[in-house]
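For reference, the structure discussed in these notes is given below.
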Amino acid sequence: MSTATTTLPAPPGFDDSLLQQLRAGHSADQQLWLSGYLYGLATAGQATGAALYNAPLPQPGQEPRRMSILYGSQTGNSKKAAHQVAELARQQGYAVAINDLNEYPAKNLKEERLILLIVSTQGEGVPPTAAEEFHRWLHSARAPKLTGLRFAVCALGDKSYLQFCQTGKEFDERLEALGGVRLQERAECDVDYEDIVEAWALAVLGRLDSETPAAASTAKVLSRQAVATLPQYTRKTPFAAPLFEKTQLNGRGSVKESWHLELSLEGSGLTYAPGDSLGVFATNAPGLVDEVLQAAGLGGGEPVVFGGIAQPLSDVLQHNAELTVLTRDLLNNYFSQTKDLRIKQLLDNPADLKNYLWGRNLSDLLADFPAGLPAQNLTDILRPIPPRLYSIASSLAAHPDEVHLTVAALRYEFNGRQRAGLASTFLADRFETGDSIPVFIENNAYFKLPDDDSADIIMVGPGTGVAPFRAFVEEREARGGASRQPGKNWLFFGNPNFTTDFLYQTEWLQHLKRGTLDRLDVAFSRDQPEKIYVQHRLLERSKLVYDRLENGAYFYVCGDKNRMAADVQVALMQIIGKESGKGAEYAAEYLKNLKKQRRFLEDVY
């Protein structure tokens, strides 16, 4: 069999003599490196699918070291972590191929020899949408034996969920079961993940370099400065944003309590895009601090050390320690201090544990299982207050140097006592005009407007889930112009009552009048005897919804994960099955493809 070489014509103005010099003076491996390097320069910031991070130029006779990094991300954190690890690996002499699991060909896995897998978990143990199909395939009978593979897994999650980092655990166990060799114990990251990711990556690279010291000796020395420079204000160094406007959106007599807040970002240099979130660091209510101290039998003036800083216990409880949410991790820590077998029984029974964690806070735990812990021992079991993330409700193009939020104050009764969410009631009750609060921008890479402004969008956002869609419509209006053919913007909004709960009613009607909102369908569930929700309105508009999807529309859902989002998916599959005439199986495949194409996007909680 003969082989043929195809020569592409050079672009106008290209100096072919330079190419000849490069070919003559370098080995095949070096030429391969150079091609990737030049491609990376030419496509910086534009890459899709697999992105190649090239290693330092291989020396003559030195085999280039290669690895693949696979990531599965819902909001973009796993993607950011993957690029953080790739930069560290590149500095250590590796050529790294980064692949989004949403686009990674599963059949390629059996050819891999070294992979680092970074994946998040959504809610209670659910894989991110981008990793669903790969996760299902890997756990099926079709998955190949992976006896030649070495791997390590970094799992991202949130300890407020019972099944913390479950997707990462499942990938880790399955890769080993298929014959892969684990290089490093799985890392499990809470919401603050950067330091743990870095430590895990350095441990993996250190293990690899101990196996190939000769290759490692030619690599650059790793340091924290190897990671790309971060913006001035981040999760670790938040910006103190002052509040300049605060308005309650619900009318008198509403069962809801929703607030519109406008904060200044002037002087911060912070930027955001519609679909991003604002991270907010709130403090605990003084009343809850008093309840915890009473249940603990402590006065509050006891000196303790938390996060390496010495301060009175009451200051830690109000400003630094999470009190409003119970987690499995917290109960484990409390059991290690108390040895109370009743707690162990809860930990050993997932159903009972889930029931116990719901609705309770730290004062409940201390009252239910009194132990009389010293102040420092109590402090040692607590985690720092994690930031709360809120979908941004404004377009920076429409509101320069500002960020707007739509916040529902969470208040409920449990066991005869009033309870409250941490950040939502802080913003509602204790945050006033002129006050400042630490904030940062959390990019959501997978909840964005289409790049094509002519594409239609369908937005489903009941309650405060409407927040990002206010930003979407403002952004599209700001981008508009006579030379553009704008896509149609269609909003489905729902809440209990028309007269008290039509959030941003005046703005939506103005958008309709100007044409920046093409359609508005509303569902006020308690304005008639039968309950009507957004999924019912979708079904009523079945044909038009399907026609727009067939025409390339993007479909967005924001709001309650447990009921609303699931009901909307069911309604959408009914629409597809009915209007296509091809039934439920076709509808399920259609929806799966929408997700894979990132035309069905969710920001649910």
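Has segment 165-179 got at least one residue that is in a strand (DSSP E or B) and in contact with a strand residue (DSSP E or B) (Cβ under 9 Å, 6 or more places away or on another chain)?
no
Can you name every residue in segment 355-370 that is surrounded by 19 or more Cβ atoms within 10 Å (Cβ to Cβ) and over 20 Å from residue 318 (Cα atoms)?
357
Please note which helices (runs of 4 or more DSSP H) are completely contained in segment 497-587 and include at least 3 residues that are closer than 14 Å to residue 461 by Cα.
534-540, 566-580
Looking at (1) touching a residue at least 24 places away in the same chain (Cβ under 8 Å); (2) part of a helix (DSSP H, G or I), which is the one condition that is false for residue 591?
Of the numbered conditions (1) touching a residue at least 24 places away in the same chain (Cβ under 8 Å); (2) part of a helix (DSSP H, G or I), the odd one out for residue 591 is (1).
Before we move on, is residue 494 of a type in the set (Gly, Ala, Ser), touching a residue at least 24 places away in the same chain (Cβ under 8 Å) and within 18 Å of residue 560 (Cβ to Cβ)?
yes
Please verify whether segment 161-170 includes one or more residues that are in contact (Cβ under 8 Å) with a residue 24 or more places away in the chain and farther than 30 Å from residue 556 by Cα. Can you show your working first?
Pass one, segment 161-170, residues in contact (Cβ under 8 Å) with a residue 24 or more places away in the chain: 161-168, 170.
Pick out the ones that are also farther than 30 Å from residue 556 by Cα and you get none.
Within segment 161-170, not a single residue is in contact (Cβ under 8 Å) with a residue 24 or more places away in the chain and farther than 30 Å from residue 556 by Cα.
Looking at segment 542-579, which of its residues are more than 30 Å from residue 277 (Cα to Cα) and basic (Lys, Arg)?
Listed by number, the residues that qualify are 543, 578.
Quick test of your reading of the structure: residue 503 fulfils all but one of (1) without any contact (Cβ under 8 Å) to a residue 40 or more places away in the chain; (2) closer than 24 Å to residue 477 by Cβ; (3) touching a Gly at 6+ places or on another chain (Cβ under 8 Å). Name the failing condition by number.
(1)
Pick from segment 449-486 the residues that are charged (D, E, K, R) and closer than 22 Å to residue 260 by Cα: which of them is farthest from the chain's Cα centre (by Cα)?
So the residue we want is 477.
Within segment 315-329, is there a residue that is over 33 Å from the mean Cα position of the chain (by Cα) and either outside any helix (DSSP H, G or I) or surrounded by fewer than 20 Cβ atoms within 10 Å (Cβ to Cβ) (or both)? Give the derivation first.
Of segment 315-329, the ones over 33 Å from the mean Cα position of the chain (by Cα) are none.
For segment 315-329, residues over 33 Å from the mean Cα position of the chain (by Cα) and either outside any helix (DSSP H, G or I) or surrounded by fewer than 20 Cβ atoms within 10 Å (Cβ to Cβ) (or both): absent.
Only one of (1) closer than 30 Å to residue 319 by Cα; (2) surrounded by fewer than 23 Cβ atoms within 10 Å (Cβ to Cβ) is not met by residue 453, so which one is it?
For residue 453, the exception is condition (1).
Within the bounds of segment 553-561, is there any residue that is among the hydrophobic types (A, V, I, L, M, F, W, C), touching a Ser or Thr at 6+ places or on another chain (Cβ under 9 Å) and within 29 Å of residue 486 (Cα to Cα)?
The answer is yes; a qualifying residue exists.
Residues being more than 19 Å from residue 486 (Cβ to Cβ) and not aliphatic (A, V, I, L, M): count how many of those fall in segment 505-552. It would help to see each step written out before you state the result.
Restricting attention to segment 505-552, the residues satisfying the condition of being more than 19 Å from residue 486 (Cβ to Cβ) are 505-506, 521-543, 545-546, 550.
Filter once more, keeping what is not aliphatic (A, V, I, L, M): 505-506, 521, 524-531, 533, 535-537, 540-543, 546, 550.
So the count comes out to 21.
Which one of the conditions (1) of a type in the set (Gly, Ala, Ser); (2) closer than 20 Å to residue 241 by Cα; (3) surrounded by fewer than 22 Cβ atoms within 10 Å (Cβ to Cβ) does residue 471 fail to meet, given that it meets all the rest?
All conditions pass for residue 471, except number (3).
Is there any pair with a first residue in segment 261-287 that is hydroxyl-bearing (Ser, Thr, Tyr) and a second that is surrounded by fewer than 18 Cβ atoms within 10 Å (Cβ to Cβ) and in a strand (DSSP E or B) whose Cβ atoms are under 6 Å apart and which are 6 or more apart or on different chains, and what are they?
Matching pairs, first to second residue: 264/242; 264/244.
Can you confirm whether segment 194-217 contains a residue that is surrounded by 15 or more Cβ atoms within 10 Å (Cβ to Cβ), in a loop (DSSP other than H, G, I, E, B) and either among the aromatic types (Phe, Trp, Tyr) or modelled with pLDDT under 95 (or both)?
no
Give the residues of segment 536-570 that are over 15 Å from residue 468 (Cβ atoms) and of a type in the set (Ser, Thr, Tyr), sorted by residue number.
542, 546
Go through (1) surrounded by 15 or more Cβ atoms within 10 Å (Cβ to Cβ); (2) not assigned by TED's automatic domain parsing to the domain that holds residue 291 one by one and return the number of the condition residue 346 breaks.
Every condition holds for residue 346 apart from (2).
Name the residue, out of 468, 438, 450, that is in a helix (DSSP H, G or I), touching a residue at least 60 places away in the same chain (Cβ under 8 Å) and not basic (Lys, Arg).
Step by step, each of 468, 438, 450 is checked, and only 468 is in a helix (DSSP H, G or I), touching a residue at least 60 places away in the same chain (Cβ under 8 Å) and not basic (Lys, Arg).
Please count how many residues of segment 563-592 are acidic (Asp, Glu) and surrounded by 15 or more Cβ atoms within 10 Å (Cβ to Cβ).
Counting residues in segment 563-592 that are acidic (Asp, Glu) and surrounded by 15 or more Cβ atoms within 10 Å (Cβ to Cβ) gives 2.
The values are calculated or read from the model by the stated rules, or taken from the named source; none is laboratory data. It should be emphasised that the depicted structure is a prediction, and the values quoted were computed from it without experimental measurement. Counting neighbours? That spans all protein chains shown, and the Cβs are built from the backbone with ideal geometry, glycine included.
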